[in-house]
Amino acid sequence: MEFQTTKRDLETVFSKIQSQVAEASLPEEADVNRLARLAQRLHQQADENWMDEAEDFSHLAGQLLNAVKKGDVEGCVMLVESLDDAQSYCHRMFRD
């Protein structure tokens, strides 16, 4: 059950970040920090079949946090798009 809670919380905060970026705004650092922590937790809970994808997502979330700390809006937009692609791929391939 912890996996489902982590996944739901991650999807919620990621949607909020996507909305902020869609408005050409820098995402809130607290939201991105939460995303990075949840992505790490998801990676720790990952099944062996999709562990690599979870690791990639976690890495991208960490890069997004760095971009937010630097105030790099353009980098944030690109990283959110990459995170969305990674999430979509993982859901297509490993939907539970």
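Looking at the structure I just gave you, is L64 modelled with pLDDT of 95 or more and in contact with a Cys (Cβ under 7 Å, 6 or more places away or on another chain)? Walk me through how you get there before you give the answer.
Working: modelled with pLDDT of 95 or more: yes; in contact with a Cys (Cβ under 7 Å, 6 or more places away or on another chain): yes.
The answer is yes for L64.
If the requirement is being over 13 Å from the mean Cα position of the chain (by Cα) and under 16 Å from Q4 (Cα atoms), which of these qualifies: A67, A46, A54, A39?
A46 is the lone residue from the list that is over 13 Å from the mean Cα position of the chain (by Cα) and under 16 Å from Q4 (Cα atoms).
Matching residues to (1) surrounded by fewer than 19 Cβ atoms within 10 Å (Cβ to Cβ); (2) among the hydroxyl-bearing types (S, T, Y):
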position	(1), (2)
K7	yes, no
Q20	yes, no
R34	no, no
R37	yes, no
D52	yes, no
S58	no, yes
N66	yes, no
L83	no, no
M93	yes, no
* Filter result (without any contact (Cβ under 8 Å) to a residue 40 or more places away in the chain and aromatic (F, W, Y)) within the range 13-65 -> F57
* Structure fact -> Within the range 20-40, the count of residues that are over 11 Å from V68 (Cβ atoms) and modelled with pLDDT of 95 or more comes to 5
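Residues being of a type outside the set (A, V, I, L, M, F, W, C) and either closer than 14 Å to L83 by Cα or not in a helix (DSSP H, G or I) (or both): count how many of those fall in the range 13-38.
Within the range 13-38, the subset of a type outside the set (A, V, I, L, M, F, W, C) is 15-16, 18-20, 23, 25, 27-29, 31, 33-34, 37.
Checking which are either closer than 14 Å to L83 by Cα or not in a helix (DSSP H, G or I) (or both) leaves us with 15-16, 18-19, 23, 25, 27-28.
The number of residues fulfilling the criteria is 8.
The values are calculated or read from the model by the stated rules, or taken from the named source; none is laboratory data. What you are looking at is a predicted structure, and each value in this text was computed from that prediction instead of being measured. Backbone-built Cβ (ideal geometry, glycine too); neighbour counts: all protein chains shown.
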